[in-house]
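Right, one structure below, let's go through it.
The values are calculated or read from the model by the stated rules, or taken from the named source; none is laboratory data. Values in this document were obtained by computation on a predicted structure and should not be read as measured data. Cβ atoms come from the backbone with ideal geometry, glycine included; neighbour counts cover every protein chain shown.
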Amino acid sequence: MATANGMAQAYPSYNFTTQNSQSDDNGSTSPSASLTSGTTAKDSSAPSSVLEQSDMKQQQAILNPTSSSWVPNIGATDGQFTQVGAAGPANTAPLMPYQPAPSVNIAQHPSQQQAPHTPMSEGNAVVPYSNSNGSLKTFLSVSPFPGSAQTTSSTLMSPDPTPQHSTPSYLLTAPAATPLNHTEPRNYAPTTCGQPARQEPPPKFDLGLATGQAQNGAQDPFYDPNAAKTFTASKMASPLALQGLQVFDFRSDKLKALTSTPSGYPSFRTAMAPEFFPFVEGSKQHKTVNHGVVKIRNIPFDTKRAEVIAFLGRNSKILNDSDEPVHIIMERVTSKTMDAYVEFCTLEDAMKAVERHHVNISGGRVSRLGDRPVDVELSDQGCLMKDLFPLAVGIFWDGSRPEFKAHKPDQPWENFKGFISEEEMTMLVKHVEVPHRSPFSKDCPQRPYECLISTLKKFPWGYTDHITILQRRAIFKATCELLRLLARSIFKYDNHLHLNKQLYRRVASAAMSCPGFTPLMKDDIAWFAQMSDEEQQLGYGQPPYAFGWRHQYAMCLKPGMPADVVEWYIALIRDQTLRDTMSRPLQDRNDIQERTRDTNPYWGHFWAELGHVMGPSFDSLTIAQVAHMEFSAVERILSRALAGH
């Protein structure tokens with residue numbers, strides 16, 4: 001096509017629609033659509049700068065047609081869109097980017113002449129607008145604030161354009177002034193509360209939350225002055241202090257009182273105080289109580305525990321089942337069943353049971369247990385302990401407490417050697433392993449297990465000066481072996497009437513409540529019995545991580561002590577022993593580190609502070625001697641760790 005001067009320039013066809021409008025004498029606009037196809041002419045009457053920019057934009061659109069954006073063509077037919085971002089022919093209107101729809105007020109210019117291009121400013125902008133014939137007929141007055149005095153039609157707010165859709169400000173397309181033809185569908189979202197839309201940056205974020213009054217005078221409905229004070233007070237502390245405060249809140253009251261110092265560490269005197277020190281000698285926790293005892297003589301060999309309880313009657317006030325009140329004496333070497341002892345709550349209860357038996361005899365009713373008549377007589381704890389530990393010579397029993405005789409050098413067979421011998425415990429296991437060699441326990445296979453229960457319950461563990469490491473190890477070894485054999489019998493379903501899970505629980509419970517066993521020994525028994533950590537700690541007073549107490553042969557957890565206090569002391573001992581190791585000479589340090597690989601590091605190098613030498617000399621030590629060594633080592637370590645506090 002040719003221009004007014006006879007010059008023509010061809011353009012490739014784009015198949016897009018530009019948006020134009022015509023204005024009448026009254027200044028109103030009517031939308032119109034024009035579809036370009038084939039070639040179009042370039043109007044030379046436009047300014048040169050605008051023509052050069054149009055050529056550059058058009059070439060860019062040819063080379064990169066995907067960089068253009070398409071918006072609906074207002075006033076056109078369905079399916080027509082306007083391309084935004086590409087400069088078209090001069091006789092087409094400049095294109096407007098997709099921006100918030102401003103309020104449009106079109107007024108006729110008095111000069112009816114072409115004016116130089118004026119870019120859009122922050123206030124009301126005057127934008128050149130061309131009609132279909134290319135003459136500059138009207139000016140477009142754009143107001144950036146809806147609801148201003150120049151607004152003639154209502155518009156909907158649109159979001160700001162994304163960076164990839166932004167175009168220069170001089171490429172604008174005038175939207176239609178018809179209220180029903182908008183760039184977006186009708187929006188029913190709630191509008192702002194009478195506040196004009198602003199392009200100003202948001203106010204600075206106030207961490208102090210000192211006021212709930214907004215900058216525009218509106219009151220924040222979520223403002224809470226108490227919360228503001230709390231936040232203002234807490235933000236003054238450092239994150240490390242807040243973290244320490246949070247951990248401190250979860251500690252027990254005893255640990256709070258222990259560490260309530262500026263440095264967080266107590267003095268050595270406070271750490272060794274009985275109300276804070278969490279370790280005790282385990283064997284010393286055994287308490288002897290003189291319960292009433294009744295002795296039943298001449299019982300059958302195959303007498304069962306349930307038969308003895310039924311013989312005494314339901315009205316008999318014997319001890320609870322967990323205390324194991326029935327003790328059927330078995331000779332450990334021959335497995336022969338002897339007499340039975342029953343413990344009552346008080347001496348008066350035991351006397352009433354014996355009196356009832358004598359009344360039956362006087363009435364002509366002989367007391368029988370099974371098919372054999374039996375005798376019931378009042379006894380005491382001394383006779384029970386003497387029959388349970390027959391090889392304990394050199395002592396006499398004052399109730400359940402042993403009284404040791406003077407040492408006789410000329411009569412060594414009369415001197416005390418122990419409450420129980422290693423041979424006795426070995427024979428107790430042999431009766432179960434080889435039952436056909438034990439004719440007396442053939443009809444009562446549960447008897448060795450019941451003998452072990454009575455031994456663990458009635459053993460005088462509190463007298464640690466006369467119990468050696470070797471003797472305790474023999475009892476523990478027999479306990480583990482019998483638990484293993486009983487589990488095998490239950491699995492094979494051997495004699496399920498006598499060897500059952502109930503008997504297994506009784507043996508395991510007696511071993512776990514034994515005060516003479518160390519935490520590590522009880523942890524092994526709990527592994528045999530498949531007990532959970534909660535059952536060990538809550539039911540039997542085991543410390544957390546009992547498997548790490550590998551070098552504590554006498555020391556255990558004090559009953560009722562919080563677990564975090566115990567962990568605090570162990571951590572202090574562990575850190576101090578590691579520092580002590582690093583201060584040793586290189587050869588000694590390497591030797592300790594090599595030996596540490598074979599043990600548990602939970603207590604650090606506490607074993608190096610003890611200095612035990614394993615062998616016969618260590619096995620001959622008493623529990624009291626080992627306890628003295630352990631508590632002395634703890635005292636030395638704590639004195640070094642808390643020297644400056």
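Here are some conditions: (1) without any contact (Cβ under 8 Å) to a residue 40 or more places away in the chain; (2) assigned to a helix (DSSP H, G or I); (3) not assigned by TED's automatic domain parsing to the domain that holds residue 397. Residue 531 meets all but one. Which one does it not meet?
Single failed check for residue 531: (2).
On the basis of being among the polar types (S, T, N, Q), at pLDDT below 95 and under 26 Å from residue 465 (Cβ atoms), does residue 552 make the cut? Spell out how you get there, then give the answer.
Working: among the polar types (S, T, N, Q): yes; at pLDDT below 95: yes; under 26 Å from residue 465 (Cβ atoms): yes.
Yes.
Does residue 602 satisfy being touching a helix residue (DSSP H, G or I) at 6+ places or on another chain (Cβ under 6 Å), within 24 Å of residue 635 (Cα to Cα) and touching a residue at least 60 places away in the same chain (Cβ under 8 Å)?
Values: touching a helix residue (DSSP H, G or I) at 6+ places or on another chain (Cβ under 6 Å): yes; within 24 Å of residue 635 (Cα to Cα): yes; touching a residue at least 60 places away in the same chain (Cβ under 8 Å): no.
Criteria not met by residue 602.
Can you confirm whether region 436-444 contains a residue that is surrounded by 14 or more Cβ atoms within 10 Å (Cβ to Cβ) and either modelled with pLDDT of 90 or more or in a helix (DSSP H, G or I) (or both)?
Yes, there is a match, as at least one residue in region 436-444 is surrounded by 14 or more Cβ atoms within 10 Å (Cβ to Cβ) and either modelled with pLDDT of 90 or more or in a helix (DSSP H, G or I) (or both).
Could you list, in sequence order, the residues of region 475-488 that are farther than 18 Å from residue 551 by Cα and either in contact (Cβ under 8 Å) with a residue 12 or more places away in the chain or within 37 Å of the chain's Cα centre (by Cα) (or both)? Walk me through how you get there before you give the answer.
Here is the first cut: in region 475-488, the ones farther than 18 Å from residue 551 by Cα are 475, 478-488.
Listed by number, the residues that qualify are 475, 478, 479, 480, 481, 482, 483, 484, 485, 486, 487.
In the set 591, 580, which member is of a type in the set (D, E, K, R) and crowded, with 17+ Cβ neighbours inside 10 Å?
Numbers: 591 fails: crowded, with 17+ Cβ neighbours inside 10 Å.
Of the residues listed, the single one that is of a type in the set (D, E, K, R) and crowded, with 17+ Cβ neighbours inside 10 Å is 580.
When you scan region 505-519, how many residues do you find that are in a helix (DSSP H, G or I) and crowded, with 18+ Cβ neighbours inside 10 Å?
Kept after step one, since they are in a helix (DSSP H, G or I), are these residues of region 505-519: 505-512, 519.
So of that shortlist, the ones also crowded, with 18+ Cβ neighbours inside 10 Å come out as 506-512, 519.
Number satisfying all stated conditions: 8.
If only one of 471, 502, 537, 552 is outside the structural domain of residue 568 (by TED's automatic domain parsing), assigned to a loop (DSSP other than H, G, I, E, B) and not charged (D, E, K, R), which one is it?
On the way: 471 fails: assigned to a loop (DSSP other than H, G, I, E, B); 502 fails: assigned to a loop (DSSP other than H, G, I, E, B); 537 fails: assigned to a loop (DSSP other than H, G, I, E, B).
Of the residues listed, the single one that is outside the structural domain of residue 568 (by TED's automatic domain parsing), assigned to a loop (DSSP other than H, G, I, E, B) and not charged (D, E, K, R) is 552.
Being at pLDDT 90 or above and within 21 Å of residue 511 (Cα to Cα) narrows it down to one residue among 332, 305; which is it? Don't jump to the end; show me each part of the working.
Numbers: 332 fails: at pLDDT 90 or above.
Matching residue, one of 332, 305: 305.
Would you check which residues across region 564-589 are over 25 Å from residue 614 (Cα atoms), of a type in the set (A, V, I, L, M) and touching a residue at least 40 places away in the same chain (Cβ under 8 Å) and list them?
565, 566, 572
Need a quick list: strands (runs of 3 or more DSSP E) entirely within region 277-382 having at least 3 residues that are buried (at least 18 other Cβ atoms within 10 Å of the Cβ) and in contact (Cβ under 8 Å) with a residue 60 or more places away in the chain. Before you say what the answer is, go through the steps one by one.
Values: elements: 279-281, 292-297, 326-330, 337-344, 375-379.
The qualifying strands (runs of 3 or more DSSP E) are 279-281, 292-297, 326-330.
Among the residues that make up region 608-621, is at least one of them buried (at least 19 other Cβ atoms within 10 Å of the Cβ) and under 30 Å from residue 257 (Cβ atoms)?
yes
Just the residues that are in a helix (DSSP H, G or I) and touching a helix residue (DSSP H, G or I) at 6+ places or on another chain (Cβ under 8 Å), please, taken from region 383-423.
Our first condition is that a residue be in a helix (DSSP H, G or I); within region 383-423, this holds for 383-388, 412-414, 422-423.
384, 385, 388, 422, listed by residue number.
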